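Enquirer: Sharing a structure below in structure tokens format, with a few things to ask.
The values are calculated or read from the model by the stated rules, or taken from the named source; none is laboratory data. Note that this is a predicted model, so its numbers are computed, not measured. Because the Cβ atoms are built from the backbone with ideal geometry, glycine has one as well, and the counts that use them run over all protein chains shown.
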Amino acid sequence: MSKTHDGKNGKHESNGKAIFQNSQASHELLGLPAAQRALLAKQLIASLDETEMEDVEALWVREAEARYAEIENGVVDCQPVDEALKEAREKLK
């Protein structure tokens, strides 16, 4: 991850996004009582988790669709789950 710092305005850039360390908003937020900052941090982290989960879900949908297409096109051979589990257990012995 590349980061640059512009000493003139306190701006850091990371992956093309700018973070203003000396902004009015950051000073106000850091001035909040600890409990309010903790709640805000929790809400911010939750918003990141939601975005990440949406990305993960989209990836799984794409993977499931690709696997289904492989089955439908005869690219892979399927076997009943009980047989697959039996084989796996035998290999683990």
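Enquirer: For segment 37-93, enumerate the residues that are aliphatic (A, V, I, L, M), under 13 Å from the mean Cα position of the chain (by Cα) and closer than 30 Å to residue 27 by Cα. Before you say what the answer is, go through the steps one by one.
Expert: Looking only at segment 37-93, we keep the residues that are aliphatic (A, V, I, L, M), and these are 38-41, 44-46, 48, 53, 56, 58-59, 61, 64, 66, 69, 71, 75-76, 81, 84-85, 88, 92.
Now narrow it down to the ones that are under 13 Å from the mean Cα position of the chain (by Cα): 45-46, 48, 53, 56, 58-59.
Of everything in segment 37-93, those that are aliphatic (A, V, I, L, M), under 13 Å from the mean Cα position of the chain (by Cα) and closer than 30 Å to residue 27 by Cα turn out to be 45, 46, 48.
Enquirer: So for segment 61-74 (the condition being aromatic (Phe, Trp, Tyr) and at pLDDT 90 or above), does at least one residue qualify? Even if it seems obvious, please write down each step before you answer.
Expert: Restricting attention to segment 61-74, the residues satisfying the condition of being aromatic (Phe, Trp, Tyr) are 68.
Then drop every residue that is not at pLDDT 90 or above, which leaves 68.
The answer is yes, given that some residue of segment 61-74 is aromatic (Phe, Trp, Tyr) and at pLDDT 90 or above.
Enquirer: Of all residues in segment 1-48, how many are modelled with pLDDT of 50 or more, surrounded by fewer than 11 Cβ atoms within 10 Å (Cβ to Cβ) and of a type outside the set (A, V, I, L, M, F, W, C)?
Expert: Result for segment 1-48: 9.
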